[in-house]
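Inspection log for the structure reproduced underneath, given as structure tokens.
The values are calculated or read from the model by the stated rules, or taken from the named source; none is laboratory data. Computed from a predicted model, the values in this text were never measured in an experiment. Cβ sites come from the backbone with ideal geometry, for glycine too, and all protein chains shown count toward neighbours. Heads up: the accessible areas ignore ligands, DNA and RNA and are worked out on the full protein's heavy atoms, side chains in. Shrake-Rupley method; radii C 1.70, N 1.55, O 1.52, S 1.80 Å.
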Amino acid sequence: MREIDWSTLDKILSLQSDAGAFASEVHFENEIRGDWNGFVTALVLRALAPLPPSVEWLHARERALDFLESCESRERRGHFGFWPRSAWPSWAPRLTEDADDTAVLTLELLRGRRIEIGKARAVVEDVLVKHRLSSTSSQQRNPWELAGVFLTWLTNSSGYNPIDCCANANVLALMAFAGLTDSPGYREASAMVRNAIRYLSKYRDRARLLTPYYPDPMELLFAIQNAVGCGAFTLQTCSASLEKLICKQIDSDSRQPSHAPVFSSSDLSLVWISEALSSARYLRAQLRS
């Protein structure tokens, strides 16, 4: 067995803020700014879930969970945003809470024992399930989309509300982990993700259409793998198929961490990368090997 490079963990811990968030960088308008948000922080926790306990890591994890809790809306409980409202960056547009952040952060709070299973199920049933594409919606325009799948923004506004396959995979992970695979939206979102992968096999240059908020299709693969690990076995065939399509080997511990885009605005005017997250995934690959 190859020896684990524990200096990688030291690097990750050095990239945690006093508030508990893990660092990322946002690129926009020829600028690069440091950013600390709940989404990247939750993904770091996800990546390091197999990490053996240590005093340093347990302390860092608890601080990270504190930060995730602060991203929940005070006015609409069970709704989570990219940042806490009290720490919303001045350069960022003020947006409502969304399904992706809500699913990802809720799952990590459940794994971290900050919320009970009942609260997680309430988030699914009272928040996420109520914001799905209706059968009468006029916005369905991509061939893989299905009525009943999860919309991005947690709002009842009649404006355009995108559908992101990666966000739907993250919702499926929460639903499976919470034992809600019979709830509305689970079957439809599973079918849509499978449809999308089949579409991508024919049109490999159109991956961006499947995930408007994720420039790198690797993030969809990560999300699907996480969902399967959480019990969303309806996506089991998708992982191998997608990995072949994008021709990358993500579990090789010989590959140094690369800082690929993690997330973006739908128009790519804002793009996030994170050394903390890429290092966490690199360390996870070493642990798995």
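Taking T41, T181 and ordering them by how much accessible surface each has at a 1.4 Å probe, largest first, produces T181, T41. Residues of region 26-53 falling in the label zone of A87, defined by backbone nitrogen less than 13 Å from a point 7 Å along Cα to beta-carbon, are 35-42. Across D35, D164, D267, mean-square fluctuation computed from a Gaussian network of the chain (C-alpha pairs under 10 Å connected) peaks at D267. The residues of the chain expose, per residue, 46 Å² of accessible area to a 1.4 Å probe. Counting only heavy atoms of the protein chains and using a 1.4 Å probe, Y213 has close to 20 Å² of accessible surface.
Taking A64, A147, A227 in turn, the Gaussian network model of the chain (Cα-Cα springs below 10 Å) assigns the largest fluctuation to A147. Taking all Cα pairs closer than 8 Å and separated by 6 or more residues, the relative contact order of region 54-167 comes to 21 percent.
Just checking the listed ones, P50, P261, P217: in the Gaussian network model of the chain with Cα springs under 10 Å, the one fluctuating most is P50.
Within a straight-line Cα-Cα reach of under 18 Å, K119 can be paired with the following aspartates and glutamates, leaving aside sequence neighbours fewer than 8 residues apart in one chain: D66, E69, E72, E75, E97, D98, D100, D101, E108, D182.
Going Cα to Cα from K11, which aspartates and glutamates come in below 16 Å? Please leave out same-chain ones fewer than 8 positions away. The qualifying aspartates and glutamates are E25, E56, E275. Relative contact order for region 18-105: 29 percent, from Cα pairs under 8 Å spaced at least 6 residues apart, divided by residue count.
Taking label points 7 Å from Cα along the Cα-to-Cβ direction, N142 and D182 give a separation of 3.1 nm.
Once volume of the Cα convex hull per residue in Å³ is worked out from the coordinates, which option in (i) 122; (ii) 161; (iii) 132 does it equal? The value matching this structure is (iii). In terms of its alpha-carbon gyration tensor, region 94-187 comes out prolate; a/c meets the 1.5 threshold, and the first ratio a/b outweighs b/c. Simple point charges give the picture: +1 on the Cβ of Lys and Arg, -1 on the Cβ of Asp and Glu, and for the chain a dipole about the Cα centre of about 800 debye. Selection among L45, S73, T8 by position relative to the dipole of region 1-159 gives S73 as farthest towards the positive end (Cβ unit charges, Cα centre).
If R0 is 25 Å, the Cβ-Cβ spacing of E75 and F28 corresponds to a FRET efficiency of close to 0.35.
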